[in-house]
Amino acid sequence: MTGEEDRDPAKGPAEVKSGYQKNRAGGPRKGKPWGRFVKAEGKIEELKNYVFDNSDGKGADRFIRTKEQIAHYVSKEMGRYGYDMEYVVETMKEPILQKPEKLGEDADETDKEIWKHECKEYVERKSALAGNLRKLYTILWGQCSEWMQAELKGLDSFRITQLNRNAIELLKNIRATSHSHKTQMNKAHALVKRNIFIHSIKQGRYQSNAQWHTYFINQVNTMAGIGGLIGAHPELVAEEERKLRVSLEIDPSVELEKEEIKECQEAASRRYLAALFLENSDESRYEELVRGLHNSHIHGEDKYPKTVTESLKLINNWKGTPKRRQMMKDGVQFAQTANEDLEEGEEDQETTLVNSGKRNNKRDKI
């Protein structure tokens, strides 16, 4: 079965070429036109199956996959400092280059040579960053479908972005257009759909922890572009504000500064996402771990991770028995215990099922 609903979201929508269906006799059938689907392709051969597009309303997931592929591509294709471009694509921020510090008066000849080398490295990297950002702009634009390009050209800021070859601004605009909530649905509906989606993503049964972490972070970063911080609930923010007042000895009657409130909101969001990551990790592997954290909290000991990174570290270091392995172990043990009550020569059908995976379906002959 073929059709738009069966396509990979990352490969872009199909363009439809009009025509008419033929009847069994070979003549044209009046009425319904038929569509021959031709997928949108990127300009780069290696990335031709990954495009930015939201003409079919599936742009959010497509944006994540395409951005991930472009990050891998620029990392290996943009020379010595390709990792800077990978960082730009993943974070949509320009990397901060550390300028070598001035040498003190007591610096010897070796220190001076090292300093010269660091200065040369800094200048080369800074120059490469500027050139690679312009190249990245061209790559990003080439991976936009005609629909996406038309939408971007309609933005008020497009002309300036284009003249400056501002790759970061272009990528942010692509992200916003990939969700296109201001044209497809109202804000409240968009936020509801965002929250439903972010709580529905779970670690697959055979998905590694590293893959799960990467997928989770990509989804969170994209969804954050719709409505800001995820999980900055008033109760959590209030807890963080109380902690901040205690640590900085701020009187409860004194209002916090805007930056301090923002810090508390971000801390609350990190805690929430850490709990969400842990809760949605593979239940068959980590149910016992989550139960243990809950029991510790009941007894007044808070061992819950405060960031997604801490949650990842926790499940990586967990040495408990996976649920499905424990179930198999318990099943075999139960069957063996039941067998002890059978007389010699008798066969227990359930034991046969547990040990061999096949049930004894032979019927007694009369």
| Within region 215-236, can you find the residues that are of a type in the set (A, V, I, L, M) and either open to solvent by 70 Å² or more (accessible area, probe 1.4 Å) or not in a helix (DSSP H, G or I) (or both)? | Leu229, Ile230, Ala232
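Answer yes or no: is there a residue in region 313-323 that is in contact (Cβ under 8 Å) with a residue 40 or more places away in the chain and in contact with an Asp or Glu (Cβ under 7 Å, 6 or more places away or on another chain).
yes
One line per residue, one yes/no per condition, for (1) at pLDDT 90 or above; (2) under 19 Å from Gln203 (Cα atoms):
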residue	(1), (2)
Ser253	no, no
Lys262	yes, no
Gln265	yes, no
Ser284	yes, yes
Thr321	no, yes
| query | Scanning for something under 27 Å from Gly82 (Cα atoms), among the charged types (D, E, K, R) and touching a Ser or Thr at 6+ places or on another chain (Cβ under 7 Å), does region 150-157 turn up at least one residue? | reply | no
| said: I need every pair where a residue in region 129-142 that is without any contact (Cβ under 8 Å) to a residue 40 or more places away in the chain has its Cβ under 7 Å from the Cβ of a residue that is of a type in the set (D, E, K, R) and surrounded by fewer than 18 Cβ atoms within 10 Å (Cβ to Cβ), sequence separation at least 6 or different chains. | reply: Arg134/Arg165; Tyr137/Arg165
| message | If I go through region 87-138 residue by residue, how many of them are touching a helix residue (DSSP H, G or I) at 6+ places or on another chain (Cβ under 9 Å), exposed (fewer than 11 other Cβ atoms within 10 Å of the Cβ) and under 29 Å from Phe52 (Cβ atoms)? | response | 1
| task | Return the total of residues in region 43-86 being small (Gly, Ala, Ser) and surrounded by fewer than 14 Cβ atoms within 10 Å (Cβ to Cβ). | result | 2
| message | Tell me whether region 270-279 contains one or more residues that are of a type in the set (A, V, I, L, M, F, W, C), free of Cβ contacts under 8 Å to residues at least 60 places away in the same chain, in a loop (DSSP other than H, G, I, E, B) and open to solvent by 40 Å² or more (accessible area, probe 1.4 Å). | response | no
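Would you list the helices (runs of 4 or more DSSP H) that sit entirely within region 158-214 and hold 1 or more residues that are of a type in the set (A, V, I, L, M, F, W, C) and modelled with pLDDT under 90?
Working: elements: 158-164, 167-179, 181-184, 187-200.
Filter on region 158-214 gives 167-179, 187-200.
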| query | Does Val254 satisfy the criteria of being surrounded by fewer than 15 Cβ atoms within 10 Å (Cβ to Cβ) and of a type in the set (Val, Ile, Thr)? | reply | yes
| query | Counting only residues that are free of Cβ contacts under 8 Å to residues at least 24 places away in the same chain, of a type in the set (Ser, Thr, Tyr) and farther than 17 Å from Ile64 by Cα, how many does region 76-104 have? | reply | 1
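The values are calculated or read from the model by the stated rules, or taken from the named source; none is laboratory data. Just so it is clear, the model here is predicted, and its values are computed rather than measured. Heads up, the Cβs are rebuilt from the backbone with ideal geometry, glycines too, and the neighbour counts pull from every protein chain shown. Remember, those area values only see protein heavy atoms, side chains included, never the ligands or the DNA or RNA. Shrake-Rupley method; radii C 1.70, N 1.55, O 1.52, S 1.80 Å.
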